[in-house]
Amino acid sequence: MSLEIHDISKSFEDNHVLSNINFSVKDGEFVSLLGPSGSGKSTLFSIIGGMSQPSGGSIYLDREKINGKRGSISYMPQSSSLFPWRTILDNVVLGQEIAGKVDKEKALEMIERAGLKGYENSYPRQLSGGMKQRVSFIRSLLSPQSLILLDEPFSALDEFTRTKMQKWLLSIWEEHKRSILFITHNIEEAIFLSDRIIILSNKPATVKKEFIIPFDRPRDVNLLLSEEFLTWKKKIYEEM
Amino acid sequence: MSTMAKKGWRPVLAIILFFILWEVGTRIFDMPSWLLPGPIQIFQEAWTSWSIYTEHLPSTIQLIVLGFLIGSGVGVFVAICLHLMPLLKDLFYPFIIISQNIPVIVLAPLLVIWFGFGMLPKLIVISLVCFFPITIALLDGFRQTDADLKHYIQMAGATKGQTFRKLEWPNALPSLFSGLKISATYSVMGAVISEWLGASKGIGVYMTLASSSYRTDRVFVAIIVIVALSLLFFLLITLIEKRVIKWKPEEGINPYES
């Protein structure tokens with residue numbers, strides 16, 4: 001699996017939002033897109049997801065052009081977007097259902113791995129914000145597509161829950177090694193999670209700089225307090 | 001339900017108070033019973049002539065149920081068609097509104113002229129009053145689909161049919177049930193009105209016979225029966241709603257949302 005973003009531009013009438021964006025996500029890689037709010041990150045996501053056509057450029061998934069093609073990537077939105085009338089189990093298999101093949105056994109296993117055993121038959125309203133985001137992430141993991149787009153998934157959570165969720169995300173991801181493209185405006189989050197960070201400039205968004213984050217995996221929360229981590233944070237902060 | 005039990009005595013008390021005032025009023029002013037009978041006389045009549053009006057009940061209930069089923073079936077069908085084909089919506093939406101502005105009282109005799117005194121014109125009247133609240137409620141439910149959920153399911157590659165079945169339809173179910181509840185009560189009214197036009201049996205017939213022979217107490221008995229039927233029907237729909245829509249929050253059990 002590999003994703004190639006090739007010279008993507010997008011403008012709405014006179015409003016130039018994206019300008020010649022180029023980057024790639026390799027197989028099993030965790031890449032973060034870091035940029036200020038309103039820098040067109042979500043526009044980029046909806047182009048990759050096939051929701052809108054780029055004004056110029058192409059997107060390739062495994063060398064196949066996917067411009068305007070929906071359903072070729074798995075997606076975890078900012079709000080958990082769980083279906084209120086579905087139980088947790090029915091929610092996590094939704095992506096599979098749309099693609100046509102449901103594996104309930106694997107779904108139950110993942111629910112248990114996520115520490116949500118006993119909630120299979122609960123409805124989303126009975127869960128806390130952090131739990132809902134976990135369900136949402138499992139849903140995207142269980143979807144058959146090989147690339148997962150995460151759109152600021154933890155931005156609505158409080159600080160404590162967020163750190164816990166980041167750790168949890170890493171532990172699950174390190175097991176499954178899916179390719180992830182992660183949008184965030186939180187520098188620490190990006191450094192802690194990613195193999196590579198792509199920094200977008202503001203209006204029109206374009207790739208400003210790329211950093212390869214050298215920290216070993218599995219990563220621990222203690223990393224957040226290390227000298228090296230702070231040096232990286234400073235380096236990236238100065239770039240933005 | 002416990003809140004119902006706790007607060008239910010208030011309207012009951014109000015009704016009892018109202019009946020007492022009514023009874024006392026008719027006695028003080030010495031009302032002739034053809035003009036306004038007191039509640040005691042009405043309940044006595046309801047008790048003694050039980051066998052007379054229960055004979056009329058089955059045909060009315062049959063009309064209500066059939067008319068309601070046809071009307072709501074048409075209502076759901078129309079709503080789905082208009083939703084899935086926006087062009088149809090642009091063409092026909094105004095006519096649906098207009099159909100409700102024609103008074104049933106005017107339309108009903110016309111239907112009798114066209115279709116005779118059988119079941120058909122009666123079912124048309126009931127369906128006509130039933131389908132509208134359902135179509136409108138359902139269309140509203142479809143329209144109010146959560147934008148985030150829609151975005152998600154489209155990103156996931158759902159077809160138009162999948163989006164409808166997995167998202168828009170379940171999302172509109174609560175609206176459908178509010179439409180059904182309104183229609184349930186309308187269908188009882190529709191049945192009675194259609195029976196006024198000409199029928200051999202039915203609560204509507206019982207009512208016309210009673211009023212033309214100045215048996216005002218029997219008119220009130222008919223009113224009680226109609227109200228009871230409406231309430232029963234309403235209750236039935238509410239029970240079905242509770243079984244179908246299980247995901248709706250009940251008060252006070254959600255530990256996370258305030």
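Listed by position, the helices (runs of 4 or more DSSP H) inside segment B:120-230 whose residues that are in contact with a Lys or Arg (Cβ under 6 Å, 6 or more places away or on another chain) and aliphatic (A, V, I, L, M) number at least 1 are B:203-212. Please work out if A:Gly130 is in contact (Cβ under 8 Å) with a residue 24 or more places away in the chain, outside the structural domain of A:Lys233 (by TED's automatic domain parsing), assigned to a helix (DSSP H, G or I) and surrounded by 22 or more Cβ atoms within 10 Å (Cβ to Cβ). No, not satisfied. In segment A:146-178, of all residues being out of contact with any Leu (no Cβ under 9 Å at 6 or more places or on another chain) and not in a helix (DSSP H, G or I), the one that is nearest to A:Asp220 (Cα to Cα) corresponds to A:Lys177. From the list A:Glu4, A:Glu29, A:Glu13, the one residue that fits, being touching a residue at least 24 places away in the same chain (Cβ under 8 Å), acidic (Asp, Glu) and more than 22 Å from A:Phe192 (Cα to Cα), is A:Glu4. Entry remark, segment A:169-178: residues being surrounded by fewer than 18 Cβ atoms within 10 Å (Cβ to Cβ) and either closer than 17 Å to A:Ile111 by Cα or among the polar types (S, T, N, Q) (or both) number 5 in total. Go through the residues of segment A:147-160 one by one and say whether even a single one is surrounded by fewer than 17 Cβ atoms within 10 Å (Cβ to Cβ), at positive phi and either within 15 Å of the chain's Cα centre (by Cα) or at pLDDT 90 or above (or both). There is no residue in segment A:147-160 that is surrounded by fewer than 17 Cβ atoms within 10 Å (Cβ to Cβ), at positive phi and either within 15 Å of the chain's Cα centre (by Cα) or at pLDDT 90 or above (or both). Restricting B:Ile126, B:Ile224, B:Ile193 to residues that are aliphatic (A, V, I, L, M), open to solvent by less than 30 Å² (accessible area, probe 1.4 Å), touching a residue at least 60 places away in the same chain (Cβ under 8 Å) and away from chain A (no Cβ under 14 Å) narrows the list to B:Ile126. From the list A:Arg134, A:Arg113, which residue is more than 13 Å from every other protein chain (Cβ to nearest Cβ), farther than 23 Å from B:Gly157 by Cα and basic (Lys, Arg)? It is A:Arg113. Here A:Gly35, A:Gly49, A:Gly56, A:Gly71 are screened, and the one residue that is within 22 Å of the chain's Cα centre (by Cα), in contact (Cβ under 8 Å) with a residue 40 or more places away in the chain and more than 13 Å from chain B (Cβ to nearest Cβ) is A:Gly35. With the structure loaded, tell me whether B:Leu209 is more than 14 Å from chain A (Cβ to nearest Cβ) and not small (Gly, Ala, Ser) or whether it fails that test. Yes; evaluated as a whole, the condition is true for this residue. The residues listed here are B:Arg165, B:Arg143; of these, the one that is within 14 Å of chain A (Cβ to nearest Cβ), closer than 30 Å to B:Gly67 by Cβ, surrounded by fewer than 21 Cβ atoms within 10 Å (Cβ to Cβ) and not polar (S, T, N, Q) is B:Arg165.
Annotation: of all residues in segment B:168-180 being in contact (Cβ under 8 Å) with a residue 60 or more places away in the chain and open to solvent by 20 Å² or more (accessible area, probe 1.4 Å), the one that is nearest to the other protein chains (Cβ to nearest Cβ) is B:Leu173.
The values are calculated or read from the model by the stated rules, or taken from the named source; none is laboratory data. The model shown is predicted, which means the values in this text are computed figures rather than measured ones. Using ideal geometry, Cβ is built from the backbone for each residue, glycine included, and neighbour counts are taken over all protein chains shown. For the accessible areas, the whole protein counts, side chains as well, though only heavy atoms, and no ligand, DNA or RNA atoms are used. Shrake-Rupley method; radii C 1.70, N 1.55, O 1.52, S 1.80 Å.
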